[in-house]
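None of the figures in this text is laboratory data; all of them are computed from the coordinates on show. As the structure is a computational prediction, the values presented were derived from the model and not from experiment. Ideal geometry is used to build each Cβ from the backbone, glycine not excepted, and the neighbour counts take in all protein chains shown.
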Amino acid sequence: MIRFASLGSGSRGNALLVQSGRTRLLIDCGFGPRVLAQRLARLGVVPEQIDAVLITHEHSDHVAGVAALAKRYGCPVYLSAGTRQALASRQVVVPHLEEIDPSAAFTLQDFDVHPYTVPHDAAEPTQFVLASAGLRLGVLTDAGSVTPSMHEALRGCHGLMLEFNHDADMLARGPYPAFLKARVGGALGHLDNGMAADLLASLRGDALQVVLAAHLSETNNHPDHVEALLARVLAGRPTAWQVASQHAGSDWLTIHP
Ligand SMILES: [Zn+2]
Ligand SMILES: [Zn+2]
C-alpha cells in the first residue's frame, strides 16, 4: 500500500507526504516549520518521521521551508543540479543536499524514485513517480505543457497527483497583468484545466485507483470547475478523486495492490 496526502497545494505553498511501509517522503516543502508541523499533525505524523525530501524546483512555493526542515531534523534533500545551483545563487543555504540525475531512478528505503523532467520556467524542474510494493504514484505539478516523455513516465500509475492550475478563460478575463497571464498560460507555465483533463483522459485505465487534483490557482480557477471535469473524465470508472486546497491540502489517499 502507498498512502499520500497534500499538506497544502497552490502558489502560496506546496508539500506532499507519501508513505509506504516505514518510509515517509515529502515532495517539496513550501511551508515553514510551525505550519509544517501543524499540517503533519493533522495526518498523525511528526516532522522527525520524514525520512527525506524531494524537491521539484526552486520556486519559493516549493522550497520556502526546506532549509529549516533539513537543519532542524537532518533529513536529506534530493534535487537536480540545476535546482541546487538556483538555490545557491539566491543564497539559500540548505544542508544535507543530495544531487540527483533527473534521468536516473534511485532507491530511497521502501521507494524506487523515478525522476522526470518537465517544461517550466525554472532551472532544471523535475517531477517524480514513486514506486513501492508494485504500485506507482505519479506526481505532476508546475508544467506548462505535456511532452511525450512525461506521458510515458506517468503511464500505468495507480495513483496520480495532477496539476489543474487554471481555467484558460478565467485567466484571460482575470486581473493578472498581461506579462503574468502570458507566463502562467505559456509553454513554461502551468497546466490549465483542459490540458490536465486531456492528460488524465489519456492515462485513465483500470489500474488508476485515485486522482488528486492539485496546484489550483485561487484567482484563475474554481474547485467546482475541476470537480466537474474530474466527474466527466472519470465517469463510469473505478477511480476516486479529490481536489487539494491551498489551506487544507487533502485527506490521506490510498492505493492498494
Ligand atoms: Zn508551484
Ligand atoms: Zn513553479
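Report the calculated FRET efficiency for His247 and Leu188 (r = Cβ-Cβ distance, R0 = 22 Å), to the nearest 0.05.
Between His247 and Leu188 the formula returns 0.20.
Classify the chain from the C-alpha gyration tensor, please: rounded if a/c falls under 1.5, else prolate or oblate depending on whether a/b exceeds b/c.
The shape class here is rounded.
Would any residue of segment 148-176 have its amide N under 20 Å from a label point 7 Å out along Cα→Cβ of Ser202? List them or say none.
Within reach of a label on Ser202: 148-168.
Which length gain, in nm to one decimal place, applies between Thr147 and Arg90 when the Cα-Cα distance is subtracted from 0.36 nm times their residue separation?
Gain on stretching Thr147 to Arg90: 17.6 nm.
Along the charge dipole of segment 2-248, which of Val77, Ser89, Ala201 sits closest to the positive end, that is, farthest toward it, with unit charges on the beta carbon of Lys, Arg, Asp and Glu (+1, +1, -1, -1)?
Toward the positive end, the furthest listed residue is Val77.
Place a point 7 Å from the Cα of Thr107 along the Cα-to-Cβ direction; which residues of segment 127-153 have their backbone N under 20 Å from it?
Only 129-137 fall inside the zone, counting backbone N under 20 Å.
For segment 65-82, what does the Karplus curve 6.51 cos²θ - 1.76 cosθ + 1.60, with θ = phi - 60°, yield as ³J(HN,Hα) per residue in whole Hz, taken in order and with x for Gly and Pro?
Values, residue by residue: x, 6, 5, 4, 5, 5, 5, 6, 10, x, 7, x, 10, 9, 7, 6, 4, x Hz.
Give me the number: length gained by fully extending Arg12 to Phe179, i.e. 0.36 nm times residue separation minus the C-alpha to C-alpha distance, one decimal in nm.
Gain on stretching Arg12 to Phe179: 58.2 nm.
What order, most packed first, do the peptides 231-238, 118-125 have when packing is the mean number of other Cβ atoms within 10 Å of each residue?
Final packing ranking: 118-125, 231-238.
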